[in-house]
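Comments concern the structure below.
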Amino acid sequence: MGGVPTTFAAGPVRVRVPATSANLGPGFDALGLALALHDDVAAEVTTNGVTVSVVGEGAGDLPCDDSHLVVRAMRAAFDELGGQPCGLAVECVNRIPQARGLGSSSAAIVAGVLLARALVTDGDQRLDDDAALRLAARIEGHPDNVAPCLLGGFTLAWTEPSGARAVSLPVAEGVRPTVLVPTERGLTASARAALPATVPHSDAALNAGRAALLVHALTTQPDLLLPATVDRLHQDYRAASMPGTATVVQALRAAGVPAVVSGAGPTVLALSDLPEGFEAGTDWQILRLPVDVRGAQVEQGRLGHAERDPVAAGRKS
């Protein structure tokens, strides 16, 4: 920034960020998929203080001050961009289920980073897309959810000494994601605590091969998705903490459906159509969600009437 003062945009900006599913079975902390279920967030620079409004998922539970994750991400981005505004007004319309393994935290982080960048007049020059990914991954702790949220589609992410990097690949037409979302919540920290410090070499070797096969299956040959989604690094270790999820995954895979735990769970991701008449139980909601190929989208202006509807994309409240 070289001492050049930071100038803020005069009007509001808005961003639409997609849900994501990470790991996809064997691709632990590396592979992710953007899904067409979105949060809409708008922000504007004000003269003083911070206000946050939340409707939809998390309303009444999420904080409405500086501790809100969108605001925290904005603050981190403003530091990178060279200066903090006097105040902020943030409006969140959330449709991504909270604490279910569908990337709600990553969506909030990506929304905050991109909103802050858009609120600085030369933000794109001060914080380019690669730097935005590095910052979002640093806030999140790993890049497997923030990468598909930013880039859209099927992403491969990795971390170098300089920070996170990622590429997005096209998804084959035969990939038809469905998520099965339970009413119970999960916590990523607890799910990570269930993982051992080391794993057998044979399990690591199996996962490396299946992750490589999964890239081919998702982009070229979906009929290989069932063997490509075999995992031995994380799902079995987490099964005891979410037995309902493990049961649904096992039932679907026994029926020939390439099903995996979405992220840290407890949502289940199926990458093909479910068997006719399949029922997960009364505590589960089933949503067909196409792949989001665009990733996060930023525009000028406030949220419109459609963006303010918290029951968009066929999701029940």
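Worth pointing out:
- Placed amide H near T20: partners under 5 Å, 5+ positions off or other chain: L35, G103
- Rounded Å value of the spacing that divides the Cα centres of the range 37-75 and the range 182-232: 33 Å
- A helix-only calculation puts the chain at -8500 deg cm²/dmol for mean residue ellipticity at 222 nm, using -39500 (n - 2.57) for each DSSP H run of at least four residues, averaged over all residues.
- Protein-only accessible surface at a 1.4 angstrom probe places the residues C86, C149 in the order C86, C149, largest first.
- Placing pseudo-labels 7 Å out from each Cα toward the beta carbon at D273 and A194 gives an inter-label distance of 3.2 nm.
- Sequence-ordered 3J(HN,Hα) estimates for the range 116-129 from the Karplus curve with 6.51, -1.76 and 1.60 and θ = phi - 60° stand at 4, 4, 6, 8, 9, 4, 10, x, 4, 7, 6, 9, 6, 4 Hz, glycine and proline given as x.
- Excluding exposed DSSP-loop GluC sites (Glu not before Pro) (at most 12 other C-beta within 10 Å), longest clean stretch of the chain: 1-172
- Lys, Arg +1 and Asp, Glu -1 on Cβ, resulting dipole of the range 16-76 about Cα centre, debye, nearest 20: 160 debye
- Length-normalised contact order of the chain in % [C-alpha pairs under 8 Å, at least 6 apart]: 26 percent
- Computed magnitude of the charge dipole of the range 69-200 (debye, nearest 20; Cβ of K, R +1, Cβ of D, E -1): 440 debye
- Three-way shape label, the range 166-301, alpha-carbon gyration tensor, a/c 1.5: rounded
- Put simply, the amide H of V120, placed in the peptide plane, has neighbours under 5 Å in A9, leaving out anything fewer than 5 places away on its chain.
- Remark: the range 45-54, residue by residue, has Karplus-estimated 3J(HN,Hα) of 6, 10, 7, 6, x, 10, 10, 9, 10, 10 Hz, where x stands for each Gly or Pro and the curve is 6.51 cos²θ - 1.76 cosθ + 1.60 at θ = phi - 60°.
- With contacts taken as Cα pairs under 8 Å and at least 6 residues apart, the range 130-218 reaches a relative contact order of 19 percent.
- Listed residue (L119, N207, L151) projecting farthest to the positive dipole end of the range 118-243, Cβ model: N207
- Convex hull volume per residue for the chain, taking Cα atoms only, in Å³: 129 Å³
- Rounded FRET efficiency, nearest 0.05, which uses the C-beta distance separating T46 from H201 and R0 of 51 Å: 0.35
- Residues of the chain: accessible area per residue with a 1.4 Å probe, Å²: 43 Å²
- Counting Lys and Arg as +1 and Asp and Glu as -1 over every other residue whose Cβ lies under 15 Å from the Cβ of A172, the net charge comes to -2.
- Cα-only radius of gyration and Dmax that characterise the range 1-156, units Å: 15.0, 48
- Unit charges on C-beta of K, R, D, E only; dipole of the range 50-108, Debye: 160 debye
- Separation in nanometres of the label points that stand 7 Å from Cα toward Cβ, at V215 and A251: 3.5 nm
- HN-Hα J in Hz across the range 96-110 - Karplus 6.51, -1.76, 1.60, θ = phi - 60°, x for Gly and Pro: 6, x, 7, 6, 10, x, 10, x, 5, 5, 5, 4, 5, 5, 4
The values are calculated or read from the model by the stated rules, or taken from the named source; none is laboratory data. Keep in mind that this is a model prediction, so the values were computed, not measured. Here Cβ is always computed from backbone atoms with ideal geometry, including for glycine, and neighbour counts include all displayed protein chains. Quick note on the areas: whole protein, heavy atoms, side chains included, nothing else; ligands and nucleic acids left out. Shrake-Rupley method; radii C 1.70, N 1.55, O 1.52, S 1.80 Å.
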